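Undergrad: I am attaching a structure below and will ask some questions about it afterwards.
The values are calculated or read from the model by the stated rules, or taken from the named source; none is laboratory data. What you see is a predicted model, and the numbers here were worked out from it, not measured in a lab. Note that each Cβ is placed from the backbone with ideal geometry, even for glycine, and that neighbours are counted across all protein chains shown.
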Amino acid sequence: MGGKPLPVPEESLVDQSLLSGSDISVVYTPGHAPHHVSFFCGENLFLGEAAGTFGSLGQPAGSLECYLRPATPPRFFPHVADHSLKAMQEHTPFPSRLCFAHHGQFEGDGRALLAQARWQLKTWVEVVQDTLGEAGVHPADEVAVQELNPELVAHLRQADPFFARGIELPTDIRQREEDFTRQSLQGITGFLAR
């Protein structure tokens, strides 16, 4: 495949007002992207990439022994992403299943998983900021940041057990995650460069 994505056909779009009276509620969840929305529908929360990328790693349903990586591509604003995660956490009633855009669903304490995603965002920003500072690299120096990428990833794996579990992902997914991790780091360094 590849190339430029095609627009969504107009007949596939529905005005949110038409959902009135249904069990679907739309929640504006910018953070991964400024236009990002999530959907509460019965016992499901379709959260796209608002809480990042998830992998169950073959663990029992509801296990917090999972893979989680923030999806923070450029133009990333941590406070906006955190606000969206908090809004989902506080939604009542809270569904029993979180449906991620990538690699599956989580059935268990979804509020706890969203709390971990919030912790993870904060941790990644701190680790990237500290690592760049220790190396004397300014976040706007894209070449120096790219050269430091393996060290950044190593520090993140040490600080973040959810991300560290990525080594357990199937090979093809793990390889894709390496590229998406670079994109997430670009978003964080872009934020720090402002």
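Undergrad: Out of (1) assigned to a helix (DSSP H, G or I); (2) touching a Phe, Trp or Tyr at 6+ places or on another chain (Cβ under 9 Å), the odd one out for Phe106 is which?
TA: Exception for Phe106: condition (1).
Undergrad: Same structure, new question: I'd like the full set of residues that are surrounded by 15 or more Cβ atoms within 10 Å (Cβ to Cβ) and either of a type in the set (D, E, K, R) or modelled with pLDDT under 95 (or both), limited to the range 150-167.
TA: Arg157, Asp160, Arg165, Gly166 - these are the residues of the range 150-167 that are surrounded by 15 or more Cβ atoms within 10 Å (Cβ to Cβ) and either of a type in the set (D, E, K, R) or modelled with pLDDT under 95 (or both).
Undergrad: List pairs: first in the range 167-194 and among the hydroxyl-bearing types (Ser, Thr, Tyr), second surrounded by 14 or more Cβ atoms within 10 Å (Cβ to Cβ) and part of a helix (DSSP H, G or I), Cβ under 7 Å, 6+ apart or cross-chain?
TA: Hits for this filter: Thr181/Val153; Thr189/Val128; Thr189/Val145.
Undergrad: Out of all the residues in the range 1-40, which are outside any loop (DSSP other than H, G, I, E, B), buried (at least 16 other Cβ atoms within 10 Å of the Cβ) and in contact (Cβ under 8 Å) with a residue 12 or more places away in the chain?
TA: Passing the criteria: Ile24, Val27, Ser38, Phe39, Phe40.
Undergrad: Here are Ser84, Ser96: which of them is touching a residue at least 40 places away in the same chain (Cβ under 8 Å), buried (at least 22 other Cβ atoms within 10 Å of the Cβ) and either under 14 Å from Phe40 (Cα atoms) or more than 15 Å from the chain's Cα centre (by Cα) (or both)?
TA: Step by step, each of Ser84, Ser96 is checked, and only Ser84 is touching a residue at least 40 places away in the same chain (Cβ under 8 Å), buried (at least 22 other Cβ atoms within 10 Å of the Cβ) and either under 14 Å from Phe40 (Cα atoms) or more than 15 Å from the chain's Cα centre (by Cα) (or both).
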